[in-house]
Every structure is written in C-alpha cells, then in structure tokens.
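Below is one structure; the comments refer to it alone.
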Amino acid sequence: MLIRKIEKFLRRTGMPATKFGRLAARDPRFVLDLRNGRTPRIRTEKQVEHFMNIYDTNSAGEPANVR
C-alpha cells in the first residue's frame, strides 16, 4: 500500500508530510489526504514511487539520471 511506503519514507528521511507532497505530487495535502482514505491514480502512484526511489539514490551519493 502506497501510504505505508510513504510513512516509512517520511520516518527514515525526517521529511515533513507537506514537503513530501509538494515535491512528489505537487500537492502539499497529498499525504494527509491519503491518510484520510484518498486513493491516488495509478500515474500519481508511480510518480510518487519514482520520487522516493530517486531521493534514495541521491541520498546514497549517486547521480539521479543513471539509466
């Protein structure tokens, strides 16, 4: 479930939920809405997962644009 992945990401990084929403989905209320039962579109879900993967890659000191 996406919200569980996001909650783990937020705990691990210490990032506020509103900042995550702005950066990952261009919606500062995104995480709050998910917590309240919102179901994201498939495209939004993939976009958010991609953001978390890229953020983790950048945190490891590797370039984000490696394909």
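With each run of n ≥ 4 DSSP H residues scored as -39500 (n - 2.57), what mean residue ellipticity at 222 nm is computed for the chain after dividing by its residue count and rounding to the nearest 500 deg cm²/dmol? Don't jump to the answer; show the numbers that get you there.
On the way: 4 runs with 45 residues, N = 67.
Helix-only estimate at 222 nm: -20500 deg cm²/dmol.
Note on Arg22, Arg4: ascending count of other Cβ atoms within 10 Å places them as Arg4, Arg22, the fewest first. Relative contact order of the chain, taken over Cα pairs closer than 8 Å and 6 or more residues apart, is 24 percent. Relative to the longest principal axis of the Cα atoms of the chain, helix 2-13 runs at roughly 50 degrees. In straight-distance terms, cross-link reach from Lys8 covers every one of the aspartates and glutamates whose alpha-carbon lies under 17 Å from its own, apart from those fewer than eight places away in the same chain; here that gives Asp33, Glu45, Glu49, Asp56.
Every number here is computed from the coordinates shown, using simple stated rules; none is lab data. All of these numbers come straight from a predicted model, not from anything done at the bench. Cβ atoms come from the backbone with ideal geometry, glycine included; neighbour counts cover every protein chain shown.
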